[in-house]
Structures are given as structure tokens and as C-alpha cells.
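Quick notes on the structure that follows.
The values are calculated or read from the model by the stated rules, or taken from the named source; none is laboratory data. Keep in mind the model is a prediction, meaning the values are calculated, not measured. Neighbour counts run over all protein chains shown; Cβ positions are idealised from the backbone, glycine included.
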Amino acid sequence: MTEVDDCAREVSDGLAGSRLLPCRTVEEVRTQTRELVRGLVIAADMGGLLLPLSPELDRVWLALLTEPPLCQRVQRLLPSGVDFVHVRNAPPADLSEHLLDWVERYRCRFGPIPPGVAHYWPACRYLERLGVGLS
């Protein structure tokens, strides 16, 4: 398990049972938190550029922002000077140029995108519709 995934597990344990994440199993919270943290790490590698999130990951992010100690835990993963609370979404006009770069960074850092989580990343769904493989 990587440092990123260790962090995500700690954060997900802190978010489990959050009133902002109703009707989610512990495993769903764990998987969604892991993907969010991985996405934030990649965003830091890309100068703070975060690809659009699914509603599930967006909700986990909102829950995370209500827990300062958990935010600080994620912040410690990122390079000095990168503040994950202030990452910016890729503008739609520029999004396509960043998609393949994002997927490649994910693969290099974490391995292939697991089939069960690609749906959390709208960019991955878009690439799949275009016939671009994610593995």
C-alpha cells in the first residue's frame, strides 16, 4: 500500500458515518476517498489542476472539508506550497488536452485505473466512450 492509500484509509475512517455521506457503506466511503485523494495528488502534480469529479467524489470532498484534521492529513501528502482546498477545475475548453496526461499520471503513480472506479471520474467515462483504454 502506498503512502497515498494509507492516508486515504485514515481519512476514510474519519469520514465513515459522516452525516454528509448518508447511505454509503464503509467500503464505498473508503473507495471514494481513495480516489479523491489520488485525484488531489495528481492535481498537485499538474499545478493544481483537478479534473471534474463525479457527484460521489464531490460529496466526499465536501465532507472532508468539514474535518480540518483530515484536511491537514491530506495536505501533508502534497508538495509544499500546494493547497488542495484551492485546486482549480480544468476549464472545459482546455479539458481535452489534460485528459490523457491525467490518465497517464494515474497509471504511473497508482497502476491501471480499476474498472470499478473509472465511473467516479467523468474524464475517464469520456475517454472510454471515445474508445481510449484506461489500462
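What's the total number of residues in segment 10-33 that are of a type outside the set (Gly, Ala, Ser), free of Cβ contacts under 8 Å to residues at least 40 places away in the same chain and buried (at least 22 other Cβ atoms within 10 Å of the Cβ)?
Looking only at that region, the number is 2.
Within segment 94-101, is even one residue part of a helix (DSSP H, G or I), of a type outside the set (Ser, Thr, Tyr) and modelled with pLDDT of 90 or more?
So far as segment 94-101 goes, no, none of its residues is part of a helix (DSSP H, G or I), of a type outside the set (Ser, Thr, Tyr) and modelled with pLDDT of 90 or more.
If a residue has to be surrounded by 15 or more Cβ atoms within 10 Å (Cβ to Cβ) and either among the aromatic types (Phe, Trp, Tyr) or more than 22 Å from Gly47 (Cα to Cα) (or both) to count, how many in segment 105-124 make the cut? Walk me through it before giving the result.
Start the filter on segment 105-124 by keeping residues that are surrounded by 15 or more Cβ atoms within 10 Å (Cβ to Cβ), which leaves 105-106, 110, 113, 117-118, 120-124.
Then keep just the ones that are either among the aromatic types (Phe, Trp, Tyr) or more than 22 Å from Gly47 (Cα to Cα) (or both); that gives 106, 110, 117-118, 120-121.
So the answer is 6.
Which pairs turn up if I take residues in segment 107-123 that are without any contact (Cβ under 8 Å) to a residue 24 or more places away in the chain and look for partners that are hydrophobic (A, V, I, L, M, F, W, C) and part of a helix (DSSP H, G or I) with beta carbon separation below 9 Å, at least 6 apart in sequence or on another chain?
Every condition considered, the pairs that remain are Ile113/Val103; Ile113/Cys124; Ala118/Cys124; Ala118/Leu127.
Given the conditions (1) modelled with pLDDT of 80 or more; (2) of a type in the set (D, E, K, R); (3) under 18 Å from Val4 (Cα atoms), report the number of the one that Asp83 does not fulfil.
The failed condition is (1).
Run down Glu56, Glu35 and say which single residue is acidic (Asp, Glu), under 19 Å from Gln72 (Cα atoms), in contact with a helix residue (DSSP H, G or I) (Cβ under 6 Å, 6 or more places away or on another chain) and outside any strand (DSSP E or B).
Glu35
So which residues in segment 1-32 are part of a helix (DSSP H, G or I) and either at pLDDT below 90 or among the small types (Gly, Ala, Ser) (or both)?
Step one: filter segment 1-32 for residues part of a helix (DSSP H, G or I), giving 3-15, 26-32.
Those that are part of a helix (DSSP H, G or I) and either at pLDDT below 90 or among the small types (Gly, Ala, Ser) (or both): Ala8, Ser12, Gly14.
Table: residues versus (1) surrounded by 13 or more Cβ atoms within 10 Å (Cβ to Cβ); (2) in contact with a Leu (Cβ under 9 Å, 6 or more places away or on another chain); (3) farther than 24 Å from Arg30 by Cα; (4) at pLDDT 80 or above.
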residue	(1), (2), (3), (4)
Ala63	yes, yes, no, yes
Cys71	yes, yes, no, yes
Arg76	no, no, no, yes
Pro79	no, no, no, no
Pro91	no, no, yes, no
